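The values are calculated or read from the model by the stated rules, or taken from the named source; none is laboratory data. All values reported here derive from a predicted model rather than from experimental measurement. Note that each Cβ is placed from the backbone with ideal geometry, even for glycine, and that neighbours are counted across all protein chains shown. Side chains are part of the model used for accessible areas, which takes the heavy atoms of the whole protein and leaves out ligands, DNA and RNA. Shrake-Rupley method; radii C 1.70, N 1.55, O 1.52, S 1.80 Å.
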Amino acid sequence: MTPLVQAILDGLLVGGVYGVVAVGLSLVFGVLGIVNFAQAEFLMLGMYVAWFAWSFLGLDPMLGAVLALAAGFMLGYVIQRLLVQRVMSSDHVAQIFLTVGLLAVMENGALMIFGPDFRSVQTDAQMISYRLGPFFISAVYLKAFVAAVAISVALWALLNRTWLGRAIRATAQDAPAAQLFGINTRWIYGIAFGLGAALTAFGGGIVLSFAPAYPTIGANYVVLMFTVVVLGGLGSVMGALLGGLLVGIVQSASTLVLPIQLQNLALFVIFIAVLALRPEGLLGKAAK
């Protein structure tokens, strides 16, 4: 029983990070109705921002993640206004081609600028673990989980307690009606896309505390991100957070009975089952 509880604890800690990384993708789809295949590249961007903050400014990756949040928002806002806005009313194929092309540009651009080298950080938290009875909690994963919870609470407060949040939710529900009430939906689209990029970049800064940064790391997370948002319900912010926790627990617990190379096998079995039995996801709304 102890190994199972330990695995669940480990899964919860890393699952919170998965949730924050994926919530940006869910937010972008929920507001703009676009599936951003380049979303994972903002995680890569966030990791590099946090690495440079650690390397040149001496900042802990958790603080560097705040700089990554700002950098992700600015880049995401510019990309939406200059590129994504132009295909908002186009066919879905054009939207897919744009985001896949953006993925290739960001990935290869990072490869040209930073090279193929792996860049990691060394912090005191990586060497510390806390004992809770018979269980152990890694300090670095605990810090990552706390940071993920903090940004999730901040996002919830923004969406539910501010005028901007109400404008975002109104635009997501009915953009033409929102315009009738004086909301500049073009501006809201840019803000929402920027927030989605910022949240994923923030998650990248957190991930740097326990994983190295390199130009193609987004490929390791893109499938997990889509799995998380589909499990939670595409377009549901809270669903993405719940899906992240579920993915983390399943990944961690499956290693008790499966080789680590097959840790995603149980995850994808559950993923297929959810699609078959509840295709709208755990917290998504069924299509009418």
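Taking the longest Cα principal axis of the chain as reference, the axis of helix 139-161 is set at about 20 degrees.
The heavy atoms of residue 12 present about 60 square angstrom of accessible area, all protein chains included, probe 1.4 Å. For the stretch 201-269, relative contact order (Cα pairs under 8 Å, six or more residues apart, normalised by length) works out to 16 percent. Spin-label pair residue 220-residue 166: with each label point 7 Å from Cα along the Cα-Cβ axis, the two points sit 4.4 nm from one another. Net charge in the neighbourhood of residue 212 (other residues with Cβ under 14 Å of its Cβ; Lys, Arg +1, Asp, Glu -1) is 0. Across the stretch 1-90, the relative contact order, built from alpha-carbon pairs under 8 Å that are at least six residues apart, equals 18 percent.
Using heavy atoms of the protein chains and a probe of 1.4 Å, the accessible area assigned to residue 91 is about 100 Å². Computed over neighbours whose Cβ is under 13 Å from that of residue 99, the net charge equals -1, Lys and Arg +1, Asp and Glu -1. The H on the amide N of residue 138, modeled in the peptide plane, is under 5 Å from the matching H of 130, each at least 5 residues off or on a different chain. Reducing the stretch 74-122 and the stretch 224-238 to their Cα centroids gives an inter-centroid distance of 20 Å. What length, rounded to one decimal in nm, is gained on full extension from residue 92 through to residue 174, with 0.36 nm per residue of separation minus their alpha-carbon distance? Residue separation times 0.36 nm, minus the Cα-Cα distance, leaves 27.6 nm. Taking a Cβ cut-off of under 14 Å around residue 158, the surrounding Lys, Arg, Asp and Glu residues balance to a net charge of +3, with basic ones at +1 and acidic ones at -1. Give the angle, between 0 and 90 degrees and rounded to the nearest 10, that separates the Cα long axis of helix 185-207 from the longest principal axis of the Cα atoms of the chain. It is inclined by approximately 10 degrees. Taking chymotrypsin sites (Phe, Trp or Tyr not before Pro) across the stretch 133-183, the ones in a DSSP loop with at most 16 further Cβ atoms lying within 10 angstrom of their Cβ are 181. Per DSSP H run of at least 4 residues, take -39500 (n - 2.57); add these up for the chain, divide by its residues and hand me the 222 nm value, nearest 500 deg cm²/dmol. For the chain, the value works out to -24500 deg cm²/dmol. Against the chain, whose longest principal axis comes from its Cα atoms, helix 218-232 is set at around 70 degrees.
Take the Cβ atoms of residue 81 and residue 157, set R0 to 41 Å, and the FRET efficiency comes out at 0.95.
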